Amino acid sequence: ITGVEALLRWRHPEEGLISPNHFIPQLEEMGRMVEVGRWVLRAACHQNVAWQQGGLSPIRTAVNVSAQQFFQGNIVDTVESVLHETGLEPKWLELELTESRILDGSEATIKIMRDLKRIGVSLSLDDFGTGWSSLSYLRNFPIDRIKIDQSFIRDVTSQSAAEAVVKSILSLGRKLGIACIAEGVEKPQQRDYLQKQMCAEMQGFLFSRPLAAADCS
Ligand code: CA
Ligand code: CA
């Protein structure tokens, strides 16, 4: 196990488990995502430290950062102060960024990314391959890791087009010195295929469904 991804769920007393697809857009609309995002970051870093203090070997914790947090939340200061507060070494934190029209290739975006890299955290491009300008991102962004979108992995053993895309991303990553992680691995056949293609990291239901932190330990 090389890492975990922090996922947000809302356990509502009456409604039960509510998916982030339902409440995140509302948080964003209400302008509360920056605040909640900071809380998520702190909780994730804190958990990582608790695992290390509990004697488990250190692993990476990935935290999703929305475009709103990235630009409105003074993300560099937030990350620095959360690391300081929780005592987590920056190398164990990875921020996942999703391609979007907001997270563009502008100087402002690249500057924030460089500042984050300077702190010592790593950056990954989430849901890679589904956005609108993936290749220019790879050329310009100081990215450590590509997360190959699950839609390609789902079809990788059954559709030659998906297979071609996955192979190309893996080879591109190797040539650019960017690590790749395949998302949404659910079947042993997909894992075997990816292993043959020298894909070093994978995540998905085949390895684990989302868990509460205590069960994850
Ligand atoms: Ca993610
Ligand atoms: Ca993803």
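The values are calculated or read from the model by the stated rules, or taken from the named source; none is laboratory data. Treat the numbers as computed from the prediction; the structure is a model and nothing was measured. Glycine also receives a Cβ, built like all others from the backbone with ideal geometry; neighbour counts cover every protein chain displayed. In case anyone asks, the SASA skips ligands and DNA or RNA and just uses the protein heavy atoms, side chains included. Shrake-Rupley method; radii C 1.70, N 1.55, O 1.52, S 1.80 Å.
Descriptive notes on the structure:
- When only alpha carbons of segment 96-198 are considered, Rg and Dmax amount to 14.1, 42 Å.
- Stokes-Einstein D (µm²/s) once Rh is taken as the Kirkwood radius of segment 22-88 over alpha-carbon pairs, at 10 °C in 1.306 mPa s: 125 µm²/s
- Relative contact order of segment 1-141, taken over Cα pairs closer than 8 Å and 6 or more residues apart, is 22 percent.
- Considering all C-alpha pairs of the chain, those separated by over 22 Å amount to 53%.
- Accessible area of segment 1-134 belonging to carbon and sulfur atoms, whole % at 1.4 Å probe: 52 percent
- Along the chain, longest interval not containing exposed chymotrypsin sites (Phe, Trp or Tyr not before Pro), exposed being DSSP loop plus at most 14 other Cβ atoms within 10 Å: 1-131
- Over the chain: helical MRE at 222 nm, DSSP H runs n ≥ 4 each giving -39500 (n - 2.57), nearest 500: -14500 deg cm²/dmol
- At 0.692 mPa s and 37 °C, Stokes D of segment 1-119 from Kirkwood alpha-carbon radius, µm² per second: 215 µm²/s
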